[in-house]
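Structure record follows, encoded as structure tokens.
The values are calculated or read from the model by the stated rules, or taken from the named source; none is laboratory data. The structure displayed is predicted, hence computed values, not measured ones. Glycine also receives a Cβ, built like all others from the backbone with ideal geometry; neighbour counts cover every protein chain displayed. Remember, those area values only see protein heavy atoms, side chains included, never the ligands or the DNA or RNA. Shrake-Rupley method; radii C 1.70, N 1.55, O 1.52, S 1.80 Å.
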Amino acid sequence: LGLELHALTYDLGGCGACQCSGSSCTLAADGIQGKMLEEVAQAGAYVFDYSIEQVGQPIRRLRTLFSVQTEVGRGKNLVTLTAQCKQARYEELAPTLRAVIESFKYTGGT
């Protein structure tokens, strides 16, 4: 899976083809359909809101944060945090998904 965001390209392995145009991305691989719904930069991280639909399964709504923890000006760790729910409950749980992602912060040393 390759995911292109703004001027950055992430290669996430061989999970299928990702098609991106502006802020709209779709993913199709082995019975899985995904759609990028929103992407924002937040407190030194990228946050993505997207849906995933797998054959025979309910649609899931996910919100994921990607951040690179640095050490002396270079990347040390890639950090990810994901909150998810079934699409049928998204309206009810959207504030919680947002709160989980917004709660992320580095503590102590970087």
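Among residues other than Ile101 with Cβ under 15 Å from its Cβ, the summed charge is 0 (Lys and Arg +1, Asp and Glu -1).
Which order do you get for Asp30, Asp49 if you rank them by accessible area with a 1.4 Å probe, largest at the top?
Asp30, Asp49
Under Stokes-Einstein, with the Kirkwood radius over Cα pairs standing in for Rh, what whole-number D in µm²/s applies to region 29-85 at 10 °C and 1.306 mPa s? Taking Rh from Cα pairs, D becomes 124 µm²/s. Potential lengthening of the chain between Ala99 and Glu38 amounts to 20.4 nm, from the contour at 0.36 nm per residue minus the alpha-carbon distance.
Distant-in-sequence amide contacts of Ile59, defined by a placed amide H-H separation under 5 Å and a gap of 5 or more residues or a different chain, comprise Gln87.
The trypsin sites (Lys or Arg not before Pro) of region 32-110 that meet both conditions, a loop assignment by DSSP and at most 10 other Cβ atoms within 10 Å of the site Cβ, are Lys105. Potential lengthening of the chain between Val79 and Thr107 amounts to 8.8 nm, from the contour at 0.36 nm per residue minus the alpha-carbon distance.
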